[in-house]
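To keep things clear, I will list the structure first and then write my remarks on it.
All of the numbers you see were taken from the coordinates with simple rules; none came from a lab. Quick caveat, the model's predicted, so the values are computed rather than measured. With ideal geometry, Cβ positions are generated from the backbone for all residues, glycine too; neighbour counts draw on all protein chains shown.
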Amino acid sequence: MAGSEVGFSFQADVVSVGSLAHLITGRALKALSDGGVDFYAVAAVHVLGKNLVVKSSLEMTVHSHVVAMGRTGIQSVLAKALKIGWGHSALAEDMTRTRAGTNALLLIGALASGSTNFLAAECLSQLLSLHGFEADKLPNLDVLKRMIEYLAPFVKDLGFSKILGHTTATAKGVFNPMGVDNNQEERHLTDHGDAIGVAGAINQLMLTSRKRETIYMPTRMRGAWLSTFASHLLGMAVELRLNDVVVWESAGSNGTAIFELGQHRAKDSRVQTVSHRRIILVQPSAPVKQTSVVVSYPIRDAFESVMIQFPMVSAELKIAIRLAICRLSRGIVKHLRFSTKTIPSHRINGNFDAHKALQETLEAFGFERTLIDSRGTYDGVTQYSRKLTVHGLIALDNAQDIVTTCGAHIGSSFPMSYKQIERIFESSCTSRCLCSRVGNIITGFATAATALMQCQFDAAELMLRSDFLLGDNGASFQDYPSLTSALMMAYIMSLTCDDSGAKFEEKELRALNWRNEVLGLSSGSHTLYYTCLMSNDCYDPQGRFLSLSSGRASTDGMLRSLLLETQSGGFPNVARIFSDTSTSLNSGFILQPHFIPSSTNIYMQVSLDEEAIRICFTVEAENSLTQDICITNYIKNMLQHSNRHCNHGTDSKFQVELGYTLAVVGFTPFLPNEEPGEDTVRVFALHGNKLQQIVTVGRLKQMSASFGNESPCELQLLACLKCCIKAAAKKRYHYSRNVVMGG
């Protein structure tokens with residue numbers, strides 16, 4: 001298109017420096033530099049924004065939304081340089097100061113929804129080409145991909161993803177009773193398509209909405225996505241049809257778009273009259289293997305959004321499926337173990353109140369407490385426990401109803417053994433067999449629940465990928481013996497990440513050497529991290545040491561996907577040179593959980609390289625001698641630690657009794673100079689400082705390796721002080737007679 005008046009040039013009217021003056025301020029240029037975003041790419045996408053007419057009600061909300069996001073986030077209490085949030089919003093804010101920039105931002109967000117950033121970049125490149133950019137002047141794909149990755153999360157919460165999920169689920173619910181043949185029309189709904197075909201359809205919709213005309217589009221790809229784009233972004237009236245039956249529709253004032261997933265009727269005079277003869281066939285430009293557009297659902301609506309796709313499942317059966325999910329979740333929690341080369345294996349959420357953690361997580365899914373706590377014939381204890389995540393149907397009490405509804409396996413009788421159920425799945429002639437689908441749904445939800453129970457999160461802002469919940473991608477905890485905390489974190493990020501291509505590969509995480517433990521993962525619009533990085537409230541009584549927060553991890557405005565702990569190997573024996581002062585208590589003294597300030601403090605150092613944000617925890621004593629510590633090992637030690645329970649109040653007082661020798665001490669993870677007396681119980685007064693509790697318990701367990709299997713301390717978290725002190729006093733080794741005040 002050489003010589004075209006819309007060819008790209010900074011001297012041309014299409015993209016002029018004058019029209020982008022608001023993006024060459026010091027603040028915006030710094031954001032471009034820190035984010036690695038190319039100014040040329042931002043300038044180019046403004047061309048599309050000028051030619052895009054967005055629904056006015058949506059356009060008016062963007063600026064205030066982005067500005068509000070830029071004011072949210074958290075800063076580490078240990079190192080101000082480490083932040084999680086949207087402090088890098090300067091570029092997005094400045095783009096929303098003009099209509100072209102606002103429209104461009106919304107277009108970027110729409111292209112990224114349900115797609116990888118790379119595929120979105122391909123579509124954006126094709127759109128730029130259709131709008132006059134010559135091949136040698138197009139921004140390259142890597143540059144566009146980086147821009148999309150940086151900017152798309154700022155408009156993620158403006159509704160496109162939620163409407164896409166609703167459109168897809170509603171349409172699929174109509175397909176099943178209509179007896180769709182070979183799922184071809186369903187692929188027309190969800191297939192991603194190629195960049196050329198998608199860009200052509202978008203370009204046509206932009207023109208039709210701008211002129212407020214009507215278009216009839218038989219579509220062979222992205223039916224749900226294109227319907228959402230036309231309705232939510234362009235404000236068009238939309239009908240999504242299957243063989244001329246409307247399966248989803250919305251009102252609008254900027255023209256009309258009719259999408260037909262089934263047999264189109266282009267020669268039908270009625271169709272030609274409605275569409276004024278404007279008929280566009282949307283299909284891939286070349287036959288290629290298609291991936292599906294990934295949709296996500298809000299966690300509270302996830303179950304209903306999945307089950308709406310199976311209208312033949314009765315209300316009673318839905319309750320039974322919920323119950324099976326709860327039971328299988330309990331089974332996974334009971335059997336699953338994390339492993340590590342240096343620390344003994346431990347349960348999910350350790351020996352804390354894991355049941356309550358699972359209970360609260362399932363409630364976030366909208367499950368009733370009565371279902372969560374109910375018991376059935378399945379208890380998660382079978383010789384096939386390592387395979388329980390493969391076929392969730394075994395957790396369903398009335399699986400016979402599923403078989404009858406399915407129709408493919410009439411004649412099978414229940415209850416069945418695991419091997420019989422396995423044969424049912426093997427004999428399924430299609431992946432659409434209802435038995436198989438329900439089994440995978442039970443597995444998908446149970447796996448998601450047992451993963452999320454390890455995190456503190458805001459359920460109002462959490463969305464989960466449908467392919468994980470439907471069990472379509474095979475993600476589960478089948479490889480029990482080699483499951484590590486890093487791999488679990490990678491699963492959680494993939495489950496909640498809006499970029500379907502942002503996966504933290506297992507082999508890459510396994511390749512990290514022992515000096516590079518994963519402290520956090522950051523991608524899309526969320527960051528998953530150990531809470532102790534950012535807050536003094538490092539864990540809760542349910543054993544949740546992780547937090548999942550909105551926003552990206554950054555230091556000095558630079559974003560990274562990995563947060564790694566750089567280790568030095570722990571405490572050497574020379575740590576004996578440190579000491580702390582203890583206070584001996586006499587009988588009759590009243591003791592209750594409290595905190596004693598210490599001359600020894602914990603610091604966190606943050607540095608940045610091309611790969612990751614690197615973090616090092618350091619303990620420093622009053623005499624300025626320091627020692628690096630491995631916080632991840634100490635957290636694993638604490639999860640492996642057995643916690644005492646009692647029925648007394650955890651904040652109850654304890655009167656020192658005759659015959660007890662107690663020494664109260666503050667934070668001191670080092671060996672004291674003096675040996676404790678044979679009958680002395682050392683009480684660490686650390687109530688309210690959970691980071692010091694983690695280091696103390698972890699250090700004591702590290703020291704206890706030479707003392708046999710006896711627990712090195714009593715963590716006073718779920719029991720009263722009196723019960724913990726009495727238990728510690730009875731221990732065999734005097735080095736194990738320690739009580740750490742928790743909470």
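Just a few scattered comments:
- Using θ = phi - 60° and Karplus 6.51 cos²θ - 1.76 cosθ + 1.60, couplings along the stretch 729-743 (whole Hz; Gly, Pro as x): 5, 8, 6, 6, 8, 5, 5, 8, 7, 10, 10, 10, 5, x, x
- Per-pair calculated FRET efficiency, R0 = 35 Å: R97 and Q75 via Cβ, rounded to 0.05: 0.85
- For the stretch 185-257, averaging the sequence separation of C-alpha pairs within contact (under 8 Å, six or more residues apart) and dividing by the residue count gives a relative contact order of 35 percent.
- Annotation: amide H of H346 within the under-5 Å range of F338, sequence separation 5 or more or interchain, hydrogens built in the peptide plane.
- Inter-label distance, nm, simple model (7 Å from Cα along the C-beta direction), L207/V656: 8.8 nm
- In order through the stretch 32-48: 3J(HN,Hα) via Karplus (6.51 cos²θ - 1.76 cosθ + 1.60), integer Hz, x for Gly, Pro: 4, 5, 5, x, x, 9, 7, 4, 4, 5, 5, 4, 5, 5, 5, 4, 5
- For L464, the amide hydrogen comes within under 5 Å of the amide hydrogens of Y297, I299, counting only partners 5 or more places away or on other chains and with H modelled in the peptide plane.
- Residue pairs, from the table K690/K726; K636/K730; K690/K722; K83/K172; K80/K653, whose Cα atoms sit over 30 Å apart: K83/K172; K80/K653
- Residues whose placed amide H lies under 5 Å from that of V739, excluding near-sequence neighbours: R682, V683, F684, E714
- Environment charge of A257, counting only residues whose C-beta is closer than 10 Å and scoring Lys/Arg +1, Asp/Glu -1: -2
- Of the residues P593, T626, Q640, the one whose Cα sits farthest toward the positive end of the charge dipole of the stretch 587-659, with +1 on the Cβ of Lys and Arg and -1 on the Cβ of Asp and Glu, is P593.
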